[in-house]
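Let me begin by presenting the structure, written as structure tokens, before commenting on it.
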Amino acid sequence: MNERALRVVLPILVLVLLVACWHAVVRIFAIPPFVLPGPGLVLATLIADGPLLWQSLLVTLTLTFEGFLLAAVGGIALAVIFNQWRVAEYSFYPYAVILQVTPIVAIAPLLLIYLPQPMAVLACAWIVAFFPVLANTTLGLSSVDHNLLALFELCKASRWQTLWNLKLPAALPQILAGLRIAGGLSLIGAVVAEIAAGSAGAGSGLAYRIAESGYRLNIPRMFAALLLLSLAGVAIFFALSTISHLALRRWHESAVSRER
Amino acid sequence: MSPPGQPIVSLRNVGKTFESGTVALNDLNLDVHGGEFVSLLGPSGCGKSTVLRIISGLSPATAGSVTWPAGEARLGFVFQEPTLMPWADVAANVRLPIKLAHKEDTGAVANALGRVGLSAFAQSYPRELSGGMKMRVSIARALVTEPQLMLMDEPFAALDEITRFKLNNDLLAVWQAVRRTVIFVTHSVFESVYLSQRIIVLTPRPGRVFTEIKIPAPYPRDETFRTSADYGALCRQVAQALAGAMTAGVPS
């Protein structure tokens, strides 16, 4: 079997094995569903509660996507501003770092006091996703080949020309890497905010469903919702990886397959 | 041998001291005339590249003056590395200087690519090319604005000898066809003798002109010249001058 096929078959094999073990443990020890539901029950719940969970997933994903988009645009824009005006970088970069290192779980309850819940979820998604975009774009913009910069200087290129024709394209691999991290993080941010809001009980996002099901000891639904959340995270990761690959495939080492 | 009339660029008592206190150049005088092929030869660290950076305006001289008696020349710069944009294809890389000057490409890109023999590779990306081909693209990019003065900073240093010989011949062919002025920085005695009309030997740390050697051999030069006794004798002469420059530069 070739390597490509192995990369598909082996993870599937592991999955089947794990699910089988899970099923066996639940059966053999007769664990009640409110402690640990078996895989079959989780799947049944996923189908039965499908419409409700799907609605909630859409709510969470919409806010995640909006937070991600704001983080992407804001992070790239701020990095460009930092790159063009050192003063701005020196003034604001430390606060961007502080925003990043303060755990989002600790910020979320505060945001929920001041903002309506969807806004707070959006804000959390934005805060966690913002920094990787900013940091990676900043790195990319500042690590441009010095000789190419000299060439642009010799050609008497304007600041704008240098930014548009040299710095941004040169930073594209780093920007895309930042976005790939940000995608997963914005989902985490949104979920954290929804869980924190859980006790307030006003939301309808998927994480809120998990919190709610927990209070009601509806463990199968918790698992079903969790499964949906992971699938959503995987989908986000693959979507961004694909975009990154398509954008870089013609020229960047990371996307070009090595000849043997 | 050097053509009469006023030089295209003239360096007088040029010095360069870096912020770190390193004296790269000291009291350097150099006149380059239109259409000349001049090499700057010296050991690494003698400030050869700094001379090019000062002439191009990338780095200001800290002493002396650079003057352009016939008005500032249009420059083409070829770096030590190919210095191509990996995200752009060959044609786009060559077109860059025209684009940055807000001009339209009226066949200059195709023309420049033709001169370096890369017409068939306009749509290729730099990563698909060999080291020698990348350097050709870099030269085409420098030619595309029809510069009056080409500054070349050890462009072939990283290439293997066979490729270098080939590019030496091609560079001479281009130079003879368009008759640009070339200032060529190298640390290779053989390369400088093969290419130049005039070799300026620099002393190391601080760089200044040690001596100047004329290479009277006629163009076109080819493998016959490279294997001739004349060439061997000239190389020996230049190598001796370089050895002299090395001892002259060592502080006693």
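The values are calculated or read from the model by the stated rules, or taken from the named source; none is laboratory data. Note that the coordinates shown come from a computational prediction; the quantities given were computed from them, not determined experimentally. Here Cβ is always computed from backbone atoms with ideal geometry, including for glycine, and neighbour counts include all displayed protein chains.
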Residue B:67 fails exactly one of the following numbered conditions: (1) among the hydroxyl-bearing types (Ser, Thr, Tyr); (2) closer than 22 Å to residue A:162 by Cβ; (3) in contact with a Ser or Thr (Cβ under 6 Å, 6 or more places away or on another chain). What is the number of that condition?
(2)
Across region A:150-161, the tally of residues that are more than 10 Å from chain B (Cβ to nearest Cβ) and either touching a strand residue (DSSP E or B) at 6+ places or on another chain (Cβ under 6 Å) or hydrophobic (A, V, I, L, M, F, W, C) (or both) stands at 1
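Yes/no per residue for (1) under 17 Å from the mean Cα position of the chain (by Cα); (2) modelled with pLDDT of 85 or more; (3) not in a loop (DSSP other than H, G, I, E, B):
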position	(1), (2), (3)
B:171	yes, yes, yes
B:175	yes, yes, yes
B:183	yes, yes, yes
B:190	yes, yes, yes
B:217	no, no, no
B:220	no, no, no
B:235	no, yes, yes
B:238	no, yes, yes
B:246	no, no, yes
Is it fair to say residue B:180 is surrounded by fewer than 21 Cβ atoms within 10 Å (Cβ to Cβ) and touching a residue at least 12 places away in the same chain (Cβ under 8 Å)?
no
How many residues of region A:209-246 are more than 17 Å from residue A:60 (Cβ to Cβ) and over 12 Å from the mean Cα position of the chain (by Cα)? The answer is 11
Kindly check whether there is at least one residue in region A:179-196 that is surrounded by fewer than 16 Cβ atoms within 10 Å (Cβ to Cβ), closer than 30 Å to residue B:124 by Cα and among the aliphatic types (A, V, I, L, M).
no
Can you tell me which residue in region B:47-79 is farthest from the other protein chains (Cβ to nearest Cβ), limited to those that are without any contact (Cβ under 8 Å) to a residue 40 or more places away in the chain and over 27 Å from residue B:188 (Cα atoms)?
B:71
I'd like the full set of residues that are more than 17 Å from residue B:156 (Cβ to Cβ) and assigned to a loop (DSSP other than H, G, I, E, B), limited to region B:192-215.
B:197, B:203, B:204, B:205, B:206, B:208, B:215
Conditions first: (1) over 18 Å from residue A:234 (Cβ atoms); (2) modelled with pLDDT of 90 or more; (3) hydroxyl-bearing (Ser, Thr, Tyr). Residue A:208 passes all but one, so which condition is the exception?
(2)
Assuming residue A:244 fulfils every condition listed in (1) hydroxyl-bearing (Ser, Thr, Tyr); (2) in a helix (DSSP H, G or I); (3) surrounded by fewer than 20 Cβ atoms within 10 Å (Cβ to Cβ) apart from one, which condition is it?
(3)
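Residues checked against (1) among the polar types (S, T, N, Q); (2) at the interface with chain A (Cβ under 10 Å from one of its Cβ atoms); (3) crowded, with 19+ Cβ neighbours inside 10 Å:
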position: B:81; (1), (2), (3): no, yes, no
position: B:90; (1), (2), (3): no, no, yes
position: B:99; (1), (2), (3): no, yes, no
position: B:105; (1), (2), (3): no, no, no
position: B:110; (1), (2), (3): no, no, no
position: B:118; (1), (2), (3): no, no, yes
Is it the case, given these coordinates, that residue A:172 is under 30 Å from residue A:60 (Cβ atoms), more than 14 Å from the chain's Cα centre (by Cα) and within 14 Å of another protein chain (Cβ to nearest Cβ)?
yes
